[in-house]
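One structure is given below, encoded as structure tokens.
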Amino acid sequence: MIKTTYKVAIEIDEKTFNIVVREPKKQDKDELQALSVSHTELFEERNDLSANLTKLSEEYEINKQLTKESDLIDKAKLLWEQKKLNKEIYDLQAKIKEHDKSASSSSETLETLFEKRFDLLVSGTDKEPLRQALDAGGVSYRDLFVEIGNLVIKAKEKK
């Protein structure tokens, strides 16, 4: 027999919560994936900006070394290029700062995904009291799902 729901007991601060956890359905997986993709795009954009900044900074440093070893005409060209690189670097740093302000941190994003997973996959009469205990105790939903995962593995082994 293949089980898709598991009754588990979670203990937080010596209080036990009996909940039912089910395996995600295709629709649940799609919803979680869509939420994940939107956050992944933000991180990829940030990584692209950082990579571009690194590239420009390296170019700047190379030009800096070249100016030390160049004649006057080449130096002038390199200094002009340095001026443009400086502006590009400054603009890119400003974009990264702005991006960081608007994007949530990775831990907040993960917490959001695990909270959504909790909403979709957990049921039972103790669901809301468990949510309140998590929030009151500062326990993350990610930690909760690590524990739930361990309990589900044990339940599967008991078969």
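Every number in this text was worked out from the coordinates using simple rules, so none of it is lab data. What you see is a predicted model, and the numbers here were worked out from it, not measured in a lab. Methodologically, a virtual Cβ is constructed for each residue, glycine included, from the backbone with ideal geometry; neighbour enumeration extends over all protein chains shown.
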Exercise. With the condition kept exactly as written, say whether any residue in the stretch 74-93 is surrounded by fewer than 16 Cβ atoms within 10 Å (Cβ to Cβ) and not in a helix (DSSP H, G or I).
Key: no
Self-check item: Odd one out for Asn63, checked against (1) surrounded by 15 or more Cβ atoms within 10 Å (Cβ to Cβ); (2) touching a Gly at 6+ places or on another chain (Cβ under 9 Å)
Solution: (2)
Quiz prompt | Single condition Thr16 does not satisfy, out of (1) more than 28 Å from the chain's Cα centre (by Cα); (2) part of a helix (DSSP H, G or I); (3) without any contact (Cβ under 8 Å) to a residue 12 or more places away in the chain | solution = (2)
Practice problem: Report yes if some residue within the stretch 2-13 is under 30 Å from Ser123 (Cβ atoms), over 30 Å from the mean Cα position of the chain (by Cα), among the β-branched types (Val, Ile, Thr) and exposed (fewer than 10 other Cβ atoms within 10 Å of the Cβ); otherwise report no. | Solution: yes
Quiz prompt | Single condition Thr40 does not satisfy, out of (1) farther than 30 Å from Thr4 by Cβ; (2) without any contact (Cβ under 8 Å) to a residue 24 or more places away in the chain | solution = (1)
Exercise. Taking Glu115 as the residue in question, decide whether it is surrounded by 15 or more Cβ atoms within 10 Å (Cβ to Cβ), out of contact with any Cys (no Cβ under 9 Å at 6 or more places or on another chain) and acidic (Asp, Glu).
Key: yes
Quiz item: In the stretch 142-158, what residues are without any contact (Cβ under 8 Å) to a residue 60 or more places away in the chain and either more than 25 Å from Thr109 (Cβ to Cβ) or not aliphatic (A, V, I, L, M) (or both)?
Solution: Arg142, Asp143, Phe145, Gly149, Asn150, Ile153, Lys154, Glu157, Lys158
